[in-house]
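Following: one structure in structure tokens, then a few remarks.
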Amino acid sequence: MPTFDDSFLAVLSALRDRYGRPAGLAPAEPFLAVAAAVLAGDVSPQKAISARAAMGEANFLDPATLAAADAVDVAEVFRETPLGLKHKAIGTLLRLARWLSERDQGDEGSLADRATETLREELAAINGIGRATADRLLLHALRRPVYPLDRATYRVFVRHGWLEPSADYDEARGVVERPLANDPPGLGGFATLMELVGREFCRVGAPRCERCPLRPWLPETGPVDPSV
Ligand code: SF4
């Protein structure tokens with residue numbers, strides 16, 4: 001059976017035929033504005049821009065100012081935006097601001113020289129940030145070449161036999177990242193395509209393979225059960 005690496009270009013082409021070419025990554029915005037969008041579950045350019053405008057007015061793009069702010073005041077700033085940042089996410093955003101303000105220079109410039117692996121460990125150690133969210137921050141806010149592995153991607157990969165159901169997070173992430181190594185916009189675009197195919201066809205219960213653009217890459221015996 002062909003591996004994901006063997007099939008990658010044809011898979012990408014089939015997904016683009018169906019969904020077009022996703023933007024990849026939003027235009028660069030301040031770390032804390034993109035972080036707010038990531039924590040709101042929407043990394044579209046509009047959300048990061050909206051967060052930047054609201055946070056900039058309150059000087060909350062400055063890590064030390066945001067870290068010292070009261071959660072109620074921060075919630076007030078986001079209330080008029082379309083971000084819909086929940087109370088729990090605001091707490092996580094404040095912890096992120098604290099983390100950033102404690103870097104050597106106290107701003108996002110201090111992150112530039114740090115290894116991706118070091119940053120991933122530090123981010124994932126912050127209460128409220130799981131491994132996928134840490135990778136989403138690395139990709140969208142810091143433009144590091146990592147893939148934030150979500151459940152949809154995992155289902156697609158296991159069902160096609162590109163991934164063992166027993167694979168752990170980092171192992172699975174490595175399989176997805178390999179053909180797109182050092183291409184952050186490519187990784188961002190592929191993540192969007194996986195989200196779309198997962199939502200439309202590769203659902204949690206029964207996959208809808210009949211009309212799915214990835215049907216040609218199914219194993220001869222049909223989709224592998226991801227719960228096995
Ligand atoms: S062909 Fe079936 S298993 Fe493959 S991605 Fe589509 S719905 Fe999922």
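Residues in the stretch 140-159: is at least one within 25 Å of Gly20 (Cα to Cα) and more than 19 Å from the chain's Cα centre (by Cα)?
Among the residues of the stretch 140-159, at least one is within 25 Å of Gly20 (Cα to Cα) and more than 19 Å from the chain's Cα centre (by Cα), which makes the answer yes.
Is it fair to say Arg159 is within 13 Å of the ligand (Cβ to nearest atom), over 23 Å from Gly24 (Cβ atoms) and either assigned by TED's automatic domain parsing to the domain that holds Arg98 or out of contact with any helix residue (DSSP H, G or I) (no Cβ under 6 Å at 6 or more places or on another chain) (or both)?
Spelling it out, Arg159 is indeed within 13 Å of the ligand (Cβ to nearest atom), over 23 Å from Gly24 (Cβ atoms) and either assigned by TED's automatic domain parsing to the domain that holds Arg98 or out of contact with any helix residue (DSSP H, G or I) (no Cβ under 6 Å at 6 or more places or on another chain) (or both).
With touching a Leu at 6+ places or on another chain (Cβ under 8 Å), at pLDDT below 95, closer than 18 Å to Thr3 by Cβ and not small (Gly, Ala, Ser) as the only criterion, which of Leu111, Leu100, Leu85, Leu180 stands out?
It is Leu180.
Would you mind finding the one in Ala167, Ala134 that is more than 11 Å from the ligand (Cβ to nearest atom) and not assigned by TED's automatic domain parsing to the domain that holds Phe8?
Among Ala167, Ala134, only Ala134 is more than 11 Å from the ligand (Cβ to nearest atom) and not assigned by TED's automatic domain parsing to the domain that holds Phe8.
Report, by residue number, each residue of the stretch 137-150 that is surrounded by fewer than 19 Cβ atoms within 10 Å (Cβ to Cβ) and within 16 Å of the ligand (Cβ to nearest atom).
Asp150
From the set of residues in the stretch 190-212 that are at pLDDT 95 or above and farther than 14 Å from Ala152 by Cβ, which is surrounded by the most Cβ atoms within 10 Å (Cβ to Cβ)?
Per the criteria, the residue is Cys209.
Given the options Thr81, Thr153, Thr92, name the one that is β-branched (Val, Ile, Thr) and within 16 Å of the ligand (Cβ to nearest atom).
Among Thr81, Thr153, Thr92, only Thr153 is β-branched (Val, Ile, Thr) and within 16 Å of the ligand (Cβ to nearest atom).
Residue under question is Ala125, and the condition is that it be in contact with a helix residue (DSSP H, G or I) (Cβ under 7 Å, 6 or more places away or on another chain) and either exposed (fewer than 15 other Cβ atoms within 10 Å of the Cβ) or more than 15 Å from Ala141 (Cβ to Cβ) (or both); does it hold?
The answer is no for Ala125.
Which residue pairs have Cβ atoms closer than 9 Å, lie 6 or more positions apart in sequence or on different chains, and pair a first residue in the stretch 176-195 that is on the phi > 0 side of the Ramachandran plot and touching a residue at least 60 places away in the same chain (Cβ under 8 Å) with a second residue that is surrounded by fewer than 21 Cβ atoms within 10 Å (Cβ to Cβ) and not β-branched (Val, Ile, Thr)?
Partner pairs satisfying both residue conditions: none exist.
The values are calculated or read from the model by the stated rules, or taken from the named source; none is laboratory data. Keep in mind that what you see is a predicted model, and the values were worked out from it rather than measured. Methodologically, a virtual Cβ is constructed for each residue, glycine included, from the backbone with ideal geometry; neighbour enumeration extends over all protein chains shown.
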